[in-house]
Amino acid sequence: MSYFLVHLPSGWHVDQAILSEEDRVVVIRFGHDHDPTCMQMDETLYRISEKVRNFAVIYVVDTTQVPDFNRMYELYESCAVMFFYRNKHIMVDLGTGNNNKINWAITDKQELIDIIETVYRGSSKGRGLVVSPKDYSTRYKA
């Protein structure tokens, strides 16, 4: 489903996407379209894109085509989802120890909507770290 999501083809496009959005959370999935984990995550992101369009915008970045952020954001996993609000990286405490990104596929639509909504509410209040509505410490290890 990644072909339905907006792909950012260069580092400049990623920067512009993060910089230009004033009122919504920018959700970026870093990874590869052919990776099974990314495919699952892309499916979920596509299925929720209409429901979250008022408070979030979703983009996809291929880390091979755009390697500019691999070291900066430590993108060594096959798939990583990160959140930005008003040019600021928003961290999410998921209980895994890695607050920078989600590096597994979330297949439940409502679960992902809840996380994005939590990020939006917290970041619009000026918080740089928000606590996930669900604890993933026992299911996924970072």
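What follows draws every value from the coordinates through simple rules; no lab data is involved. Note that the structure is a prediction, hence the values are computed from the model and not measured. Methodologically, a virtual Cβ is constructed for each residue, glycine included, from the backbone with ideal geometry; neighbour enumeration extends over all protein chains shown.
Numbers below:
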item	result
Extended-chain gain in nm, criterion 0.36 nm per residue less alpha-carbon gap, Asn87 and Asp135	14.6 nm
The range 2-131, relative contact order in percent, only Cα pairs under 8 angstrom and at least six apart counted	31 percent
Between the range 4-30 and the range 82-142, the alpha-carbon center distance in angstrom	17 Å
Convex hull projection area averaged over all views, the range 53-142, Cα basis, nm²	6.0 nm²
Taking Asp42, Asp108 and counting other C-beta atoms within 10 Å, the order from fewest to most	Asp108, Asp42
Cross-link partners of Lys101 among lysines (Cα-Cα below 18 Å; sequence separation of 8 or more within a chain)	Lys88, Lys109, Lys134, Lys141
Taking Met72, Met41 and counting other C-beta atoms within 10 Å, the order from fewest to most	Met72, Met41
Karplus-derived 3J(HN,Hα), 6.51/-1.76/1.60, for each residue of the range 83-90, Hz, glycine and proline x	10, 9, 9, 6, 6, 10, 6, 9
Burial ordering of His34, His89, fewest other beta-carbon atoms within 10 Å first	His34, His89
